[in-house]
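Following: one structure in structure tokens, then a few remarks.
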Amino acid sequence: MSIDETRITRAILAAALRDWEEISSVDVAIVGAGPSGMAAAYYLSRGGLRTVVFERRLGFGGGIGGGAMFLHKIVVEPPADEVLRDVGARYAEVEGAPGLLVLDAAELMAKLASSALDAGTKIVHGVSVEDVIFRRDPLRVAGVVVNWTASELSGLHVDPLFVSSRAVVDATGHDASVVEVASRKVPELGIELRGERSAYSELSESLVVEGAGEVAPGLYACGMAVARVRGLPRMGPIFGAMLLSGRKVALEIAGRLGAGR
Ligand code: 48H
Ligand code: FE2
């Protein structure tokens with residue numbers, strides 16, 4: 001078989017542009033492929049909604065990969081074991097600490113990503129969300145403004161592209177960068193960023209899940225972004241609230257938008 005370089009180029013261009021045409025208008029745009037974003041993507045796609053995840057980096061998992069101080073394990077507590085079972089991630093009970101479950105960071109990253117992909121999520125790497133689209137009458141967030149991470153890093157002024165969506169999910173972790181930009185540049189949304197607080201794991205694990213949801217019309221937060229937005233403590237390397245807040249946001253959005261088209 002002869003392999004013509006031009007055909008390689010054209011195959012990639014055609015397939016990538018076809019994807020981008022589809023991505024340019026979706027039901028849900030999720031920003032960040034960390035634990036909360038991937039859990040949200042999995043449940044949204046499973047519910048039949050057209051879902052895209054934009055991830056700044058060239059991999060999955062966000063803070064999962066670093067484990068705790070580079071030790072390759074993650075701790076999760078019930079009822080987040082329901083999510084682990086849904087995505088097929090194996091875990092073990094922790095001896096002497098009833099209620100705590102431990103699993104490999106690599107296992108959690110891989111299983112979340114493959115489950116979301118199998119359910120129909122499109123994950124696009126190397127793309128950063130730098131802004132939101134907003135609309136009046138009624139006032140709402142109506143999509144995201146995207147650019148290559150490489151453009152961002154180059155320092156060159158490269159204008160972005162737009163992706164319209166019926167819901168935007170900030171799953172950017174500690175930065176809550178999507179909510180932050182919306183609060184600053186669309187002040188009429190009335191978003192107040194209260195700032196993350198110091199560690200208090202038990203409290204944080206329940207409050208992050210409780211606080212996950214709609215921040216402004218069309219704009220939702222899950223994961224650590226919730227802590228920054230709602231003024232909640234951090235919890236350290238326990239990931240139950242990341243998974244459960246992602247699932248909660250997905251179910252809330254699915255309830256509002258209805259089943260997939
Ligand atoms: C595209 C972006 C952008 C952008 C960021 O940090 P994450 O793992 O986020 P969560 O909330 O799912 O999980 C948090 C968890 O990892 C953690 O840090 C915990 C539990 N900490 C507790 C503590 O006490 O410290 O993932 C966010 C992802 C990353 O992959 C980023 O690269 C990506 O979002 N991202 N992608 N456009 N503007 N900003
Ligand atoms: Fe963290």
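For the reader, a short list of remarks on this structure follows.
- Of all the residues in region 152-175, those that are in contact with a strand residue (DSSP E or B) (Cβ under 6 Å, 6 or more places away or on another chain) and either of a type in the set (Asp, Glu) or free of Cβ contacts under 8 Å to residues at least 24 places away in the same chain (or both) number 2.
- Residue among ARG18, ARG85, ARG10 that is part of a helix (DSSP H, G or I) and more than 24 Å from GLY126 (Cβ to Cβ): ARG85
- Whichever residue in region 152-174 is modelled with pLDDT of 95 or more and in a helix (DSSP H, G or I) and, among such residues, is surrounded by the most Cβ atoms within 10 Å (Cβ to Cβ): GLY173
- Unique match (being of a type in the set (Lys, Arg) and either within 11 Å of ligand 1 (Cβ to nearest atom) or over 16 Å from the mean Cα position of the chain (by Cα) (or both)) among ARG166, ARG230: ARG230
- Residue check, ALA89 more than 12 Å from ligand 1 (Cβ to nearest atom), farther than 25 Å from VAL249 by Cβ and modelled with pLDDT of 95 or more: no
- Top-ranked residue in region 60-106 [being out of contact with any Leu (no Cβ under 9 Å at 6 or more places or on another chain) and under 16 Å from ALA33 (Cβ atoms); ranked as surrounded by the fewest Cβ atoms within 10 Å (Cβ to Cβ)]: GLY66
- Just one residue in the set ILE253, ILE238 is within 14 Å of ligand 2 (Cβ to nearest atom) and either under 25 Å from ASP137 (Cβ atoms) or surrounded by fewer than 24 Cβ atoms within 10 Å (Cβ to Cβ) (or both); that residue is ILE238.
- The residues of region 175-208 that are within 20 Å of GLU130 (Cα to Cα), of a type in the set (Gly, Ala, Ser) and buried (at least 19 other Cβ atoms within 10 Å of the Cβ), listed by number, are ALA176, SER177, ALA182, SER183.
- Counting the residues of region 88-118 that are β-branched (Val, Ile, Thr) and either assigned to a strand (DSSP E or B) or in contact (Cβ under 8 Å) with a residue 24 or more places away in the chain (or both) gives 1.
- Candidate set from region 119-144 (those that are without any contact (Cβ under 8 Å) to a residue 40 or more places away in the chain and more than 20 Å from ALA171 (Cα to Cα)); member that is farthest from the chain's Cα centre (by Cα): ASP137
The values are calculated or read from the model by the stated rules, or taken from the named source; none is laboratory data. Just so you know, these numbers come straight off a predicted model, no measurement behind them. Cβ: placed from backbone, ideal geometry, glycine included. Neighbour counts: every protein chain shown.
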